[in-house]
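Below: one structure, written as structure tokens.
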Amino acid sequence: MNNDGLLSIEGISKSFPGVQALSDLSMEIRRGEILALVGENGAGKSTLIKILSGVYRPDSGRIRINGQEVRFQNPLQAVEAGIGVVYQELSLVPNLSVAENTFGGRPPTNGIGLMNMPELQRKTAELLDQFQVEFNSRTQVGSLSLGNQQLVEIIKALATNAKILILDEPTSSLSLQEANILFERLKQLKERGITIIYVSHHLEEIFEISDRVSVLRDGRYVGTKNTAETNENEIVSMMVGRNLDETDVLHGSGERGIELLRVENVTRTGSFKDVSFTVHKGEVLTFFGLVGSGRTEVARTLIGLDALSSGKVILRGKEVHISSPAKAMQLGMAYLSEDRKSEGLFLDKTIKENFLATNLKHVSPGGWLNWGRLQVIVQDYVTRLEIRTPSLDQHINNLSGGNQQKVLLGEWLATEPELLIVDEPTRGIDVGTKQEIHKLLRNLADQGKAIMVISSDLPEALRISDRIAVMRRGQLVGFINHTDANEERVMELAAGVASSNNHKEEK
């Protein structure tokens, strides 16, 4: 290890039943740098993070910190060695204060072993002062924005005197403004000598925040590049082992099919107001907007998760009243939640069991479950969607994020919906799988299905949409045809910088 080396990973391997997650992986992280760790879903990033944080133990290989070998039997030992991890899913307790969350596991105590609340508040205030935030140690965490909750997670890690901070997809739920604030805070930590391992699928973030980029592929170390001396195309090529062209667009012929869904002046009090639009067979209509614009709320109301306050929903020319997702499914509608882990999938169940949840009626003629028919359906979609799994009985939580998303798509496509609503279809998905999902959505539209996408990813919206419906503060402020769409025009509408001359759809 050179003089700048802080963390050395030497020949690490780790396998799970049917999966070789890491194979003889070696790499080095330097002191006081921001190292971006990238790779497709299934590349081994999450496994490596869990080994570094003491959640998993490697099958072979060594980890050295400051030249000394360490062997973590549990996460506490990793914390004591100076490693802090902020996972994509926040682990805060909403009804407790910032201070109580920050030192929840190891609070300062007084002489008789009771929590020393004044000392707790003082220590938390010292950490908060470093970031010049607008909240204090007594603020209830549940009242904070996602961006500030993310900061509390970072402060919680720093409270353990972490010298190495690992961030896993830290901007996945943040607005652009919150992400920029986070970047400034990470740069401050770097200046104080904290080493940061930054895991993200967003390459534009990588080039803004990192000093170096390390690439994993199929559980192996591919290489490391100085960020200033590489480009997105080179990093993508290293990640996927082939050249990808993400600049090509995936639009239809320009001729919309028959109208499938018409929404007239729908309102949900407190969420959105007077939203009207149509969705046609054979098109991809994308709802774009900044965080809090009401995009997801519209979708949830359409499929009966939330109740309408007023307005009409007309399906195939007839007004319908959708009171539940089950009713929406009966009407030929399918909805894929943006939170696939909490609302879309049963993580502790197998692929077959997840398909069964949405397709019970298809495989239970006469009330008897036909396991053979279920096997055929699941195998068909595993093959068609190229889901990487050793078997159909693999548990969902053992699959990569990209393959989890494909399972979610497959189980709903198996219900044969006419209208498919997908909320953030590629959030947390690598560039290769993202391209596959984009092409899949286009193919489904070309086959005559109506596709409604909710996305906060502007390049995605521009790439796959026939039309973009832009929302802002609970109102649908305009429609843009793909022939007229560009980043500037869409963002001007979304941010309220410009007004639309086309609040209503083309007939």
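Taken together, the values in this text are just the output of simple stated rules run on the coordinates, not laboratory data. Computed from a predicted structure; not experimentally measured. Using ideal geometry, Cβ is built from the backbone for each residue, glycine included, and neighbour counts are taken over all protein chains shown.
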* What's the lysine pair count for the range 1-159 at a Cα cut-off below 21 Å, pairs eight or more apart or interchain? -> 4
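Between Arg373 and Glu353, take the C-beta separation as r, use R0 = 25 Å, and let me know the FRET efficiency to the nearest 0.05.
For R0 = 25 Å, the calculated efficiency reads 0.95.
Taking a ≥ b ≥ c as the square roots of the Cα gyration tensor eigenvalues, with a/c under 1.5 meaning rounded and otherwise prolate when a/b beats b/c, else oblate, which class fits the range 1-95?
rounded
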* Identified option (computed percent of Cα pairs over 36 Å apart; candidates (i) 37; (ii) 31; (iii) 25) -> (i)
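I need the Kirkwood Rh of the range 5-47: take the reciprocal of the average 1/r across all distinct C-alpha pairs and report it in angstrom.
11.6
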* To do: May I ask for the Kirkwood hydrodynamic radius of the range 5-240, worked out over all distinct Cα pairs and given in angstroms to one decimal?
  => 18.5
* Structure fact -> The long-range amide H neighbours of Arg217, using H built 1.01 Å from N in the peptide plane and a cut-off of under 5 Å, are Val222
* Asked: Roughly how large, in nm² to one decimal, is the mean projection of the convex hull of the alpha-carbon atoms in the range 390-507?
  -> 9.0
* To do: Sort Lys190, Lys361, Lys318 so the one with the fewest other Cβ atoms within 10 Å of its own Cβ comes first.
  => Lys318, Lys361, Lys190
* Structure fact -> Amide H neighbours of Leu260 at under 5 Å, excluding residues fewer than 5 places away on the same chain, with H built from the backbone geometry, are Val279, His280, Lys281
* Can you sort Tyr221, Tyr335 so the residue with the fewest Cβ neighbours within 10 Å comes first? -> Tyr221, Tyr335
* the range 344-416: proportion of alpha-carbon pairs further apart than 16 angstrom, % -> 39
* Hydrodynamic radius by Kirkwood, which averages 1/r over all alpha carbon pairs of the range 38-87, in angstrom -> 11.5
* Structure fact -> The answer for trypsin sites (Lys or Arg not before Pro) in the range 1-73 that fall in a DSSP coil and have at most 16 neighbouring Cβ atoms within 10 Å is Arg31, Arg71
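Mean residue ellipticity at 222 nm from the helices of the chain, using -39,500 (n - 2.57) per DSSP H segment of n ≥ 4 over the full residue count, to the nearest 500 deg cm²/dmol?
Dividing the helical sum by the residues of the chain leaves -9000 deg cm²/dmol.
Order by neighbour count: Arg442, Arg388, fewest other Cβ atoms within 10 Å first, most last. The partial results should precede the final answer.
Values: Arg442 19, Arg388 16.
Final ranking by Cβ density, sparse to dense: Arg388, Arg442.
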